[in-house]
Structure formats: C-alpha cells, structure tokens
Amino acid sequence: MNNKDLMNHAADNIRLLAVSMVEKAKSGHPGGAMGGADFINVLFSEFLVFDPDQPTWEGRDRFYLDPGHMSPMLYSALALQGKYTIDDLKTFRQWGTVCPGHPERDIIHGIENTSGPLGQGHTYAVGAAIAEKFLEARLGSTMMQHKIYAYISDGGVQEEISQGAGRIAGLFKLNNLIMFYDANEIQLSTECDVVMRENTRMKYESWGWNVLEINGNDPDEIRAALILANKEEQRPTLIIGHTVMAKGARKEDGSSYERSVKTHGAPLGGGAYENTVKNLGGDLNDPFVVFDDVKELYEKRNAELREVVKERHAAEAEWRKANPEKAEQMDAWFSGNAPKVDWSELVQKRDVATRVASANCLGVLAEQVPNMVCSSADLCNSDKTDGFLKKTHELTPDDFTGAFFQAGVSELTMACVCIGMYLHGGVIPACGTFFVFSDYMKPAIRMAALMRVPIKFVWSHDAFRVGEDGPTHEPVEQEAQIRLMEKLKNHKGQDSVRVFRPADADETTVCWQMANENMDTPTAMICSRQNVNSLPEGTDYSQVRKGAYIVKDDPNYDVILLASGSEVSTLLAGAELLNADGIKTRIVSVPSEGLFRTQSKEYQESVLPKGAKIFGMTAGLPVTLQSLVGVEGMVYGLESFGFSAPYKVLDEKLGFNAENVFKQVKNYLSK
C-alpha cells in the first residue's frame with residue numbers, strides 16, 4: 001500500500017500536467033481531468049495489470065474511457081506509465097499529435113477506444129467484458145482472467161445508451177466489469193441538478209449491479225472500493241466517486257476555482273492558471289514535469305508488473321504446451337486476419353428474399369468461425385440473423401459457450417456492445433435489425449468507421465416493400481445516408497464503411513464472402529424482406545467483387561439500366577419490354593458503389609462509359625444513384641415516405657415494375 005501523501009502528490013502531478021496541456025493548447029477541458037486524477041492514479045499505479053514491454057498482450061486489463069473530453073487526465077496518467085513522453089503531451093490538440101483532443105484508439109500508447117460521444121465508451125466496456133467471458137468459455141481462465149475497467153461521467157450517465165449498457169451488464173452478471181462514476185455534479189453549461197435528480201445508486205442496483213459509494217478524491221477510499229470490486233463474483237461493480245470538479249484550481253485572486261462550470265470546457269487562463277500551477281506544486285517556468293517521487297512510484301509499479309506478468313506468461317506457456325490446437329486457434333483469433341471459410345457447400349435457392357440468403361450465409365459462418373458472435377435487437381426471426389442462432393445457442397448469464405447475443409430492443413446499445421467485443425480482441429461481431437432502425441445506430445456506425453472496426457451490420461426489410469407496416473418501417477432515405485459512408489474516407493484512405501445491397505441470393509453469398517474477408521472497415525449488408533427474382537442463369541457472380549458489373553448486355557446498346565438490390569430484377573423485366581420495342585439495353589448491378597469506385601478507371605469506364613445514356617432505379621431517394629448515372633442520366637426513385645399496403649400493390653402504385661421502367665426509359669430517351 002502506497003503512502004497517502006505520495007498518492008495525493010501523484011494525483012496532483014496528473015492535475016498539473018493536464019491543466020498545462022490545456023493551457024498550452026489554448027483549448028480543452030481541464031476541470032474533469034483534475035477531479036478524476038485521484039482515481040486514475042490509484043487504478044494505474046496499484047491495480048491495472050498490463051505488460052510494460054508488450055502493450056498488445058492479450059491478457060492485459062483494459063481501461064475504457066467514456067468522457068473523451070477528459071483526455072488530458074488519461075494522457076498524463078499514461079505518461080507516468082511511460083507510454084507518452086513529456087514532448088508528446090506538449091503537442092496536445094495540434095496537427096500530427098499522438099494526443100488528439102479526444103482519445104483515438106491506439107493500443108501501443110494504452111488507448112483502448114476512441115471516445116467523445118458520451119455513453120458509448122462505457123458501453124464498449126460492457127462488450128469487452130462479454131468478450132472476455134466468451135473467450136474464457138473457449139480458452140479457459142489461464143488465458144482469460146483479466147478485468148475490464150470503465151470510467152463514466154455525469155454526462156455519460158445521462159445519455160440514454162447508459163440504460164441499455166446498465167441493463168445488459170447486470171443481466172449478464174459481468175463481475176469482470178468495474179466502472180468508476182466520476183460524480184462531480186458539474187457539466188458543460190449547468191450544474192447537474194438542473195437536469196438530473198434521480199437516485200443513480202438505486203438505478204444501477206435495480207439492474208443487478210454491486211454499487212459502492214465513496215469520496216472519489218480519497219486514495220484510501222478508492223483503493224478499498226477497488227479491492228472489494230475485484231473480489232465481486234456475481235455482479236458488475238459501479239463505484240460512485242463523489243469528486244471535486246477542477247480540484248486544486250485557483251482563481252486569479254487566489255480563491256478557489258473548484259466546482260465551477262467555467263472550468264469544464266476552457267483553459268483556466270492567465271492568473272488562474274498561474275495560481276493553480278503554484279497550488280499543485282508546479283514550476284511556472286517548467287510545468288511539464290514528473291515529480292521525482294511520482295516517477296519512482298510508477299517505476300516501482302512497472303517493476304512489480306514485470307514480475308506479475310512473468311508468472312502469467314509462464315503459466316500461459318504451459319497452457320500452450322498442453323493445448324496446442326487451442327493456442328493456434330487463439331493466435332488466429334487475435335491476429336486481426338480474416339477467418340478462413342469454405343463456402344463450397346453452400347447452394348442458394350433461386351428467387352428467395354436476400355434476407356433468407358443472408359441467413360444461409362450466417363449459418364456457414366456460425367459453423368466455421370468459432371470466435372464470431374451474432375446479435376439482434378429482438379428481431380432475429382425477422383431479420384434472419386437466426387440463421388446463425390440455429391447453428392449455436394444464446395449467450396446467457398451463466399453460460400457463455402453460446403455465440404448469439406440477444407440484445408433486446410436497443411439498436412444503439414447492441415451496436416456499441418458488439419463494437420466493444422471487437423475492441424477487446426479475439427471476437428468478430430455481427431448485429432442485425434430492420435434497415436429503417438439503422439437510424440438508431442448512426443452514432444455507433446460512425447465510431448466503428450473511425451476506429452476501423454470490422455463489425456458486420458445486417459439490415460433487412462430494405463425498402464418500401466415492407467408493405468403493410470407502413471411508412472414508419474419503410475426505409476427511403478436510409479440507403480443514401482449509409483452510402484455517404486462509402487464516400488467518406490477513414491484515416492487509412494479506405495471507404496469508411498463497405499456497403500452491400502445484393503440483387504439476389506447468389507449475389508448475397510459473394511457479398512457475405514467479402515464481408516467476412518473485410519477486416520479493415522465495417523461492412524453493411526442490406527437485405528430484402530420479400531422474395532427477389534434471381535438474375536439470369538449463367539450470371540458471372542465473381543464480378544460482384546468489383547462492386548458493379550454487367551449482368552446482361554446487348555451489342556450496341558441504346559441505354560444502360562442500373563440498380564442495386566431488388567430493383568435489378570425489375571430492370572431486367574423492363575428490359576424485355578424495351579427490347580421488344582427495339583431498344584437495346586445493358587443491365588448493370590451495383591451492390592457496392594464504394595467498391596466499384598476502387599476499381600481501375602478502365603474497368604469503371606468499361607461498365608459505365610462516358611457519354612452513355614444511363615437510367616437508374618432505386619427504391620430509395622434518387623440521390624442514391626445520382627453519382628453513377630451522371631448529370632446527363634436519369635434516376636427513378638422514391639421522393640416521399642412510403643405507404644401502408646401489400647408490397648405488390650406498392651410496386652404497382654409507386655411505379656416499380658416493368659411497365660413503368662419501359663415508360664420512364666422511353667421518356668428519358670426521347671429528350
């Protein structure tokens with residue numbers, strides 16, 4: 001046990017570095033970082049188990065920060081561990097820095113998750129805790145015995161996603177999850193009691209959590225709470241730490257600047273910064289320092305950890321000798337490489353809904369990818385993710401040998417939990433719901449794209465053909481929205497999300513093959529509810545891998561007909577009428593515009609030549625295909641919400657049939 005004076009001094013060191021980072025950058029959030037310094041110091045200097053020499057060690061404890069604006073606290077504490085240099089801290093929020101304004105996933109530097117949108121960070125931790133138990137059920141406790149720590153703020157507790165995360169963590173009895181709630185009662189524009197007055201303790205207890213309440217600035221109380229939390233065997237633990245916002249801050253006149261809303265989101269500035277540095281024991285001429293006794297504290301901890309992990313590594317080596325096949329399997333799971341899947345036995349029926357074809361693909365993955373987890377938001381028998389479930393069984397609080405995660409009605413929570421499974425490592429997640437409800441998931445999709453998480457989003461009921469359910473359930477604008485993510489590049493220059501809307505069952509198989517192979521970005525699979533006529537016999541489905549390809553071609557065609565998904569078969573039917581009228585056509589299927597745009601210019605030109613007349617049809621907004629048909633082309637789409645009626649009636653009423661294709665193309669060519 002470390003001396004309390006030393007622990008307070010170390011926390012002050014974190015506060016000093018954090019407030020100086022913000023001051024130098026002239027931007028940032030000092031108050032929360034200063035209040036949370038005591039907890040992060042106790043956790044990092046006494047409890048968190050990691051290998052100082054192997055930052056990617058699979059057996060490490062993980063720390064997930066929810067309030068990303070408190071990055072100065074995290075960077076400063078990691079600098080004490082030796083993962084950042086003082087020069088790194090001085091570049092906070094500047095171009096090219098390794099210390100961006102909100103933390104971005106960087107395992108080498110100790111950052112487990114990108115954080116910023118409040119509520120998501122601790123939900124990733126719930127997913128990571130599930131992943132740890134899922135892997136323990138397959139590999140044993142020698143390899144999987146670590147803890148998942150999370151840090152949440154008042155804002156994170158307020159975000160609605162915290163309800164889903166709290167419910168699921170309690171339901172699954174995640175005793176490997178320990179979360180600190182930094183209850184400083186101050187937020188960006190108000191004090192917390194202006195917007196929240198519920199009993200947070202009772203709320204988490206009602207979800208089945210073990211709740212401890214402490215002075216969050218007292219290292220002895222923090223230590224005692226962490227000891228109890230680590231002994232808990234049946235429940236996740238929430239440590240409510242009542243902390244002081246901007247602890248140690250002083251105003252220009254020397255009076256206390258603590259508990260002030262003004263310290264949340266702006267540098268202290270001028271005399272207030274100067275007095276604060278002095279109060280924390282720093283030197284204004286050189287505030288970016290690590291005190292000698294604090295340096296010794298963390299060096300001692302690293303030495304202790306080397307002994308701890310030496311024993312762990314020895315036990316792991318023995319396990320590997322005794323379990324060579326499992327060891328090889330574990331290495332493959334944590335490699336980041338795509339799993340090898342044999343698709344040769346899968347034969348799809350013709351003329352079925354692509355959600356049914358997707359279910360068949362998921363069944364193959366369930367049988368051949370033992371580290372894959374599939375989830376659904378209470379829709380598995382409708383979005384057909386039950387194709388996966390039928391080959392495994394559900395995860396339950398007392399049985400993590402299954403691989404299907406029933407998330408309940410909580411699309412955003414489900415997506416973030418699944419993202420957290422991947423962030424932990426060793427698990428490949430997929431999750432499904434109706435396409436229209438992807439609206440609930442947009443914040444998670446964006447974060448998955450930013451972190452390059454290869455999650456598989458499975459969305460069924462792709463268009464107005466949902467039918468009788470009516471406009472609330474009929475996606476119109478959703479495809480245009482997700483295809484914007486094909487156009488947005490991640491920091492590796494890749495399309496941030498790979499989007500597929502297959503035209504029939506066999507296209508679905510190829511799209512799932514590519515989704516399985518894609519370990520660089522999220523993949524979105526958009527599938528139909530209704531049966532879809534298959535493409536002509538003899539179609540070369542290997543061309544699907546190019547994102548867009550010619551399905552049927554007439555020599556010296558007059559017009560190119562272009563679509564994705566269900567509308568491709570509609571164009572084929574319309575082409576028969578056009579051909580009978582003497583108009584020659586080329587039919588192009590575009591399951592993935594983003595993938596098509598990565599092909600050579602020569603290939604793109606061979607499919608969609610410049611100057612060609614191009615007609616597109618989409619069940620979504622016309623803008624969905626606009627960049628493919630060009631300014632001289634025409635898109636027939638849906639420009640309003642849908643309607644409640646059987647889908648075949650809607651096809652007729654809305655003009656998604658062969659007769660209207662004939663009519664629209666004739667009008668287009670006559671102009």
Problem set entry | Centre separation in Å (Cα based) which lies between region 555-623 and region 76-108 | 49 Å
Exercise. For region 603-671, which whole-number percentage of the solvent-accessible area (1.4 Å probe, protein heavy atoms only) is attributable to carbon and sulfur atoms?
Worked result: 57 percent
Problem set entry | Built amide H within the under 5 Å cut-off of D106, gap 5+ | I111, E112, N113
Problem set entry | Order of exposure, largest accessible area first, which applies to V409, V551 with probe 1.4 Å | V409, V551
For this session: Report the relative contact order of the chain, percent, no decimals, based on alpha-carbon pairs under 8 angstrom and at least 6 residues apart.
Result: 11 percent
Seminar exercise, completed: Ordering 373-380, 571-578, 310-317 by per-residue average of other C-beta atoms within 10 angstrom, highest first, gives 373-380, 571-578, 310-317
Seminar exercise, completed: Between the Cα axis of helix 505-517 and the main Cα principal axis of the chain, the angle (0 to 90°, nearest 10) is 30 degrees
Problem set entry | Sparse-neighbourhood loop sites, trypsin sites (Lys or Arg not before Pro) in region 347-382 - DSSP loop, at most 15 other Cβ within 10 angstrom | K349, R350
For this session: Specify which residue in the list L572, Y603, N556 is farthest towards the positive end of the charge dipole of region 553-643, using unit charges on the beta carbon of Lys, Arg (+1) and Asp, Glu (-1), about the Cα centre.
Result: Y603
Problem set entry | Relative contact order, percent, region 4-305 [alpha-carbon distance under 8 Å, six or more residues apart] | 24 percent
Seminar exercise, completed: Expressed in angstrom and rounded, the centroid-to-centroid distance over alpha carbons for region 364-383 and region 531-554 is 27 Å
Exercise. When Rg/Rh (Cα atoms, Kirkwood Rh) is calculated directly from the model, which label among (1) 1.04; (2) 0.99; (3) 1.02 fits?
Worked result: (1)
Exercise. Going by the alpha-carbon gyration tensor, a ≥ b ≥ c the square roots of its eigenvalues, is region 354-526 rounded (a/c under 1.5) or, if a/c is not under 1.5, prolate (a/b greater than b/c) versus oblate?
Worked result: rounded
Exercise. So which of K24/K262; K384/K492; K231/K278; K349/K442; K4/K278; K231/K310 end up more than 29 Å apart, counting from Cα to Cα?
Worked result: K384/K492; K231/K278; K349/K442
Exercise. Hey, what did region 354-526 get for relative contact order, percent, Cα under 8 Å, at least 6 apart?
Worked result: 22 percent
Seminar exercise, completed: Heavy-atom accessible area of R138, protein chains in place, probe 1.4 angstrom, given in Å² to nearest 10, is 40 Å²
For this session: As a check on your grasp of the helix formula, calculate [θ] at 222 nm for the chain: sum -39500 (n - 2.57) over DSSP H runs of n ≥ 4, divide by the residue count, round to the nearest 500.
Result: -13000 deg cm²/dmol
For this session: Filter the trypsin sites (Lys or Arg not before Pro) in region 361-408 down to the DSSP loop ones having no more than 15 other Cβ atoms within 10 Å, then list what survives.
Result: K390
Seminar exercise, completed: If unit charges are put on Cβ atoms (+1 for Lys and Arg, -1 for Asp and Glu) and the dipole of the chain is taken about its Cα centre, the option from T85, F388, Q348 lying farthest towards the positive end turns out to be Q348
Seminar exercise, completed: Partner lysines whose C-alpha sits under 21 Å from that of K666, ignoring same-chain residues fewer than 8 away, are K552, K584, K610, K613, K653
For this session: Compute the Cα gyration tensor for region 468-610, then decide on rounded, prolate or oblate, letting a ≥ b ≥ c be the square roots of its eigenvalues: rounded whenever a/c is under 1.5, prolate when a/b is larger than b/c in the other cases, and oblate in all that remain.
Result: oblate
Exercise. How big is the antiparallel share of DSSP beta bridges in region 546-670, given as a percent to the nearest 5?
Worked result: 25 percent
Exercise. Could you give the accessible area per residue of the chain, probe 1.4 Å, as a whole number in Å²?
Worked result: 38 Å²
Seminar exercise, completed: Rounded to the nearest 10 Å², the 1.4 Å probe accessible area of L6 is 40 Å²
Exercise. Between K552 and residues 5 or more places away or on another chain, which pairs have amide H atoms under 5 Å apart, with H built 1.01 Å from N, and which residues are they?
Worked result: I587
Problem set entry | Protection-proxy order for peptides 76-87, 419-430, each taking the mean of Cβ atoms within 10 Å per residue, highest first | 419-430, 76-87
Exercise. Nearest 10 degrees, 0 to 90: what angle lies between the long axis of helix 411-424 and the longest principal axis of the chain (Cα atoms)?
Worked result: 70 degrees
For this session: Evaluate the charge dipole of region 546-670 about its Cα centre and quote only its size in Debye, nearest 20, assuming +1 on the Cβ of each Lys and Arg and -1 on the Cβ of each Asp and Glu.
Result: 160 debye
Seminar exercise, completed: If each part is reduced to its alpha-carbon centroid, region 287-303 and region 162-195 end up apart, in Å, by 31 Å
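The values are calculated or read from the model by the stated rules, or taken from the named source; none is laboratory data. None of these values were measured; they are calculated from a predicted model. We place every Cβ from the backbone using ideal geometry, glycine too, and count neighbours over all the protein chains shown. All accessible areas refer to the heavy atoms of the entire protein, side chains included, with ligands and DNA or RNA removed. Shrake-Rupley method; radii C 1.70, N 1.55, O 1.52, S 1.80 Å.
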